[in-house]
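Visitor: One structure follows; several queries about it will come next.
We did not get these values from a lab; they are worked out from the coordinates using the rules stated. Values in this document were obtained by computation on a predicted structure and should not be read as measured data. Please note: Cβ atoms are built from the backbone with ideal geometry, for glycine as well, and neighbour counts cover all protein chains shown.
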Amino acid sequence: MAKSKVWVEPSNTQEQKDICFAIRQEVFVEGQNVPPHEEWDDLDQNDAICPHFIAWTQDESGNNIPIGTARLWLHTPESSKAQRVAVLDLWRGHGVGRALMDALEEFTWKTGRTTVVLGAQTQAIPFYQKLGYQVYGPEYLDAGIPHRDMKKER
């Protein structure tokens with residue numbers, strides 16, 4: 001696959017949120033067997049404290065194609081929590097996850113918050129470490145998948 005331009009935007013319409021949900025369905029519910037009742041929660045409907053973001057690229061005809069998503073829980077005045085970071089299989093290793101995390105961090109800093117936290121699947125820890133995140137706390141299971149907490153301070 002040729003290297004394509006990737007960009008990230010907040011999802012501002014219900015149609016865009018539905019795209020985010022479809023990507024999460026494919027990556028987590030279908031791809032990782034996360035039970036639907038653990039994937040979906042009330043935060044998904046609260047854009048004021050939990051905005052969603054979409055990673056895009058373009059096909060050969062110039063059509064925008066969604067390739068990843070993430071949501072950002074603005075859960076304290078000091079920090080946000082990166083959640084539901086999902087990249088479609090075909091696009092992993094092409095900078096999509098980094099673009100999503102850059103967008104979440106930029107949004108966080110603009111709100112005056114100084115820390116981004118996340119619960120990383122243990123297999124994804126090296127990816128987040130390359131972005132400057134540090135592991136803290138013990139390993140735990142989330143949706144039956146081993147995780148560790150991580151954080152990055154501005």
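Visitor: Given the structure, is Arg154 of a type outside the set (Gly, Ala, Ser), in contact (Cβ under 8 Å) with a residue 24 or more places away in the chain and surrounded by 13 or more Cβ atoms within 10 Å (Cβ to Cβ)? Full working, then the answer.
Guide: Details: of a type outside the set (Gly, Ala, Ser): yes; in contact (Cβ under 8 Å) with a residue 24 or more places away in the chain: yes; surrounded by 13 or more Cβ atoms within 10 Å (Cβ to Cβ): no.
For Arg154, the condition - of a type outside the set (Gly, Ala, Ser), in contact (Cβ under 8 Å) with a residue 24 or more places away in the chain and surrounded by 13 or more Cβ atoms within 10 Å (Cβ to Cβ) - is not met.
Visitor: Same structure, new question: How about the range 123-145: which of its residues are loosely packed, with under 13 Cβ neighbours inside 10 Å and of a type outside the set (D, E, K, R)? Give the derivation first.
Guide: Of all residues in the range 123-145, those loosely packed, with under 13 Cβ neighbours inside 10 Å come to 123, 126, 130, 134, 136-142, 144.
Scanning the range 123-145 gives Gln123, Pro126, Gln134, Tyr136, Gly137, Pro138, Tyr140, Leu141, Gly144.
Visitor: Ile67 versus (1) closer than 28 Å to Gly112 by Cβ; (2) crowded, with 18+ Cβ neighbours inside 10 Å: which is the lone unmet condition?
Guide: Against the list (1) closer than 28 Å to Gly112 by Cβ; (2) crowded, with 18+ Cβ neighbours inside 10 Å, Ile67 comes up short only on (1).
Visitor: Sticking with this one: If you check every pair at least six apart or on different chains, which have Cβ atoms under 8 Å apart with a residue in the range 127-146 that is on the phi > 0 side of the Ramachandran plot first and a residue that is in a loop (DSSP other than H, G, I, E, B) and surrounded by 12 or more Cβ atoms within 10 Å (Cβ to Cβ) second?
Guide: Ala143/Gln32; Ala143/Val34; Gly144/Val34
Visitor: Return the total of residues in the range 82-122 being surrounded by 17 or more Cβ atoms within 10 Å (Cβ to Cβ) and either of a type in the set (Asp, Glu) or more than 19 Å from Ile23 (Cβ to Cβ) (or both).
Guide: 5
Visitor: I'm trying to understand the selection: among the residues of the range 1-53, which are touching a helix residue (DSSP H, G or I) at 6+ places or on another chain (Cβ under 6 Å) and surrounded by 12 or more Cβ atoms within 10 Å (Cβ to Cβ)? It would help to see each step written out before you state the result.
Guide: Filtering the range 1-53 down to residues touching a helix residue (DSSP H, G or I) at 6+ places or on another chain (Cβ under 6 Å) leaves 6, 8, 11, 28-29, 34, 36, 39, 50, 52-53.
Passing the criteria: Val6, Val8, Ser11, Phe28, Val29, Val34, Glu39, Cys50, His52, Phe53.
Visitor: Check the range 117-129 and report whether any residue there is in contact with a Ser or Thr (Cβ under 6 Å, 6 or more places away or on another chain) and of a type outside the set (S, T, N, Q).
Guide: Initially, the range 117-129 is screened for residues in contact with a Ser or Thr (Cβ under 6 Å, 6 or more places away or on another chain), giving 117.
After this cut, where a residue has to be of a type outside the set (S, T, N, Q) as well, the list is 117.
Yes - at least one qualifying residue is present in the range 117-129.
Visitor: Something else now. Could you please find all residues in the range 98-154 being within 25 Å of Pro77 (Cβ to Cβ) and β-branched (Val, Ile, Thr)?
Guide: Listed by number, the residues that qualify are Thr108, Thr111, Thr114, Thr115, Val116, Val117, Val135.
Visitor: From the list Val29, Val8, which residue is in contact with an Asp or Glu (Cβ under 7 Å, 6 or more places away or on another chain) and hydrophobic (A, V, I, L, M, F, W, C)?
Guide: Values: Val8 fails: in contact with an Asp or Glu (Cβ under 7 Å, 6 or more places away or on another chain).
Going through Val29, Val8 in turn, the sole match is Val29.
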